[in-house]
Amino acid sequence: MVQTVVAQQADISRQSVSNHLAVLRDRGFVKEPNTEIELTAGGLLLLDVIESCLQTVSVEELSFLTRSDHPIGVLRALEGQPYRLSELESAVSSSPSRPTIGRIIKTFTEYGWSQDNGGKQQITPAGTRALNAYIDLATAVEQLIEKAPWLQRLPKEDATFPIPELADAELIISTPTRPSSVLWTALKLYDRQTSRFRGFCSIFNPVLFHAYRGLLELGIECEAILDLPTYVEAAENPQTQYVVHGSTYSNYQPLVLDRAHTLGIGIYDTRKVAIGAYNESGSGKHIAMIVTSNERLVKWGINLYESYRAQARSASELEPKRV
């Protein structure tokens with residue numbers, strides 16, 4: 001059993017491993033294909049942000065800060081101004097008792113996070129660094145949990161974006177009860193004011209193809225990368241063959257990634273990106289997508305597209321074939 005192996009390596013009980021895995025699975029940080037347990041893109045990013053935090057605070061210090069709401073509440077209060085111990089009881093939003101505050105301040109002193117200054121506790125530079133490291137970690141974890149449906153599906157090698165910027169991204173999810181949510185969002189993103197559109201498509205969807213054909217009809221510069229199965233289906237369907245033939249429109253360049261993929265990218269000039277990903281979920285394939293105009297995420301989306309473009313070939317080099 002995988003859980004037994006993890007328990008032996010982590011030197012904790014099998015029940016504890018089971019409990020921890022249940023939480024990690026619920027938050028989208030791990031998944032269990034077949035009998036194995038593996039990290040999702042969100043799980044890998046979680047490890048990165050934890051390791052980054054641990055460069056400033058120790059495991060013991062981080063454990064203390066996360067044990068309850070009181071320690072971080074006291075540290076936040078001290079960041080604003082020095083307080084007497086008697087004043088902290090009402091200054092902290094979590095309302096710790098006076099004995100609890102006393103124990104927290106004692107620990108802060110041991111860690112070098114606060115010091116007495118004329119009868120008042122004052123935060124130290126080390127305390128400020130610890131607070132900032134914790135806030136960065138908490139902000140990142142909040143976004144990783146919020147965007148978990150997308151991160152569960154995103155290829156792990158593509159999770160190279162700045163995590164805090166995810167707060168500026170809208171999440172759209174297709175579910176068994178709302179299977180067309182992502183498709184309708186993609187259709188609504190259709191914008192005649194776009195001067196250049198680039199896309200990476202790994203799902204055959206004639207409705208979407210025909211909607212975006214309007215950009216081609218308007219003479220807007222367009223380029224699309226199709227994964228191999230999508231290319232084959234589009235080439236074999238008389239109604240969608242224009243998607244794979246660059247000769248149909250002089251303003252259109254079709255490219256092909258010579259393998260199957262699970263990613264979708266839409267780039268609207270350099271002002272907005274939509275990044276979708278899918279995998280098996282429930283009884284069928286459902287998609288999660290983020291849409292954002294955040295400058296750093298747009299840059300990431302464009303770089304991601306270019307990385308696949310470098311691997312793709314012109315559709316004219318391929319003959320339609322079954323996969």
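The values are calculated or read from the model by the stated rules, or taken from the named source; none is laboratory data. Since this is a predicted model, take the numbers as computed values, not measurements. We place every Cβ from the backbone using ideal geometry, glycine too, and count neighbours over all the protein chains shown. Each accessible area value is taken on the protein alone, full model and side chains, heavy atoms only, with ligands, DNA and RNA left out. Shrake-Rupley method; radii C 1.70, N 1.55, O 1.52, S 1.80 Å.
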Revision key, fill the gap. Spelling it out for LYS120: with amide H atoms placed in the peptide plane at 1.01 Å from N, the residues 5 or more places away or on another chain with amide H under 5 Å from its amide H are none
Review point. Among ASP116, ASP269, ASP26, which one moves the most in a GNM of the chain with springs linking Cα atoms closer than 10 Å?
Key: ASP116
Study note, to complete from the structure: HN-Hα couplings for the range 290-298 via Karplus (6.51, -1.76, 1.60; θ = phi - 60°), in whole Hz with x for Gly/Pro, come out as 10, 10, 8, 10, 4, 4, 6, 6, 4
Exercise for review: Round to a whole angstrom and tell me the spacing of the C-alpha centers of the range 291-316 and the range 194-235.
Suggested key: 15
Review point. Which of LEU189, LEU297, LEU263 moves the most in a Gaussian network model of the chain with Cα springs under 10 Å?
Key: LEU189
Revision key, fill the gap. Percent antiparallel among DSSP beta bridges confined to the chain, rounded to 5, stands at 75
Check your understanding: Once fully extended, how much extra length lies between ASN237 and THR128, figured as 0.36 nm per residue of separation less the alpha-carbon to alpha-carbon distance?
Key -> 33.0 nm
Point to revise | Gyration tensor (alpha-carbon) shape descriptor, the range 184-322, a/c threshold 1.5 | key: rounded
Exercise for review: Take the solvent-accessible surface of the protein heavy atoms, probe 1.4 Å, and return the percent of it on the range 37-180 that carbon and sulfur atoms account for.
Suggested key: 48
Point to revise | Subset of LYS31/LYS299; LYS31/LYS188; LYS188/LYS272 violating a 22 Å alpha-carbon distance limit | key: LYS31/LYS299; LYS31/LYS188
Exercise for review: Could you size up the charge dipole of the range 103-187 around its Cα centre, putting +1 on the beta carbon of Lys and Arg and -1 on that of Asp and Glu, and report it in debye to the nearest 20?
Suggested key: 300
**Study point:** Solvent-accessible area, 1.4 Å probe, carbon plus sulfur percent, for the range 223-300
**Key:** 48
Check your understanding: What is the dipole size for the chain, taken about its Cα centre, with +1 at each Lys and Arg Cβ and -1 at each Asp and Glu Cβ, in debye to the nearest 20?
Key -> 420
Study note, to complete from the structure: FRET efficiency (GLN115, ALA310; Cβ distance; R0 51 Å; to 0.05) is 0.40
Exercise for review: Would you work out which of GLY73, SER95, ILE225 lies farthest towards the positive end of the dipole of the chain, given +1 charges on the beta-carbon of Lys and Arg and -1 on that of Asp and Glu, about the Cα centre?
Suggested key: SER95
Check your understanding: Can you tell which of SER16, SER181, SER307 shows the greatest fluctuation in a Gaussian network model of the chain with Cα springs below 10 Å?
Key -> SER16
Point to revise | ³J(HN,Hα), Karplus 6.51/-1.76/1.60, whole Hz, each residue of the range 66-77, x for Gly, Pro | key: 9, 5, 7, 6, 5, x, 5, x, 5, 5, 5, 4
Point to revise | Label selected from [x] -0.68, -1.11; [y] -0.81, -1.07; [z] -0.79, -1.20, the criterion being log10 I(q)/I(0) by the Debye sum over Cα atoms at q = 0.11, 0.14 Å⁻¹ as computed here | key: [y]
Point to revise | Spatial separation of Cα centroids for the range 63-97 and the range 253-270, in angstrom | key: 50
Study note, to complete from the structure: With only helices counted (DSSP H, runs n ≥ 4, each -39500 (n - 2.57)), the per-residue ellipticity at 222 nm for the chain, to the nearest 500, works out to -14000 deg cm²/dmol
Study note, to complete from the structure: Regression test value, accessible area per residue of the chain, probe 1.4 Å, units Å², expected 52
Check your understanding: Residue farthest toward the positive end of the dipole of the chain, with Cβ of Lys/Arg at +1 and Asp/Glu at -1: which of TRP184, ILE145, GLY119?
Key -> TRP184
Check your understanding: What net charge do the residues around LYS120 carry, taking every other residue with its C-beta under 15 Å from that of LYS120, with Lys and Arg at +1 and Asp and Glu at -1?
Key -> -3
Practice item. State the extension gain, in nm to one decimal, for the chain segment bounded by ARG98 and SER250, taking 0.36 nm per residue of separation less the distance between their alpha-carbons. Key: 47.2 nm
Check your understanding: With charges set only on the Cβ (+1 for Lys and Arg, -1 for Asp and Glu), what does the dipole of the range 38-123 come to about its Cα centre, in debye to the nearest 20?
Key -> 480
Revision key, fill the gap. Residue by residue through the range 156-169, the couplings from Karplus 6.51 cos²θ - 1.76 cosθ + 1.60 with θ = phi - 60°, in Hz, x for Gly and Pro, are 4, 5, 9, 7, 10, 8, x, 4, x, 5, 4, 4, 8, 10
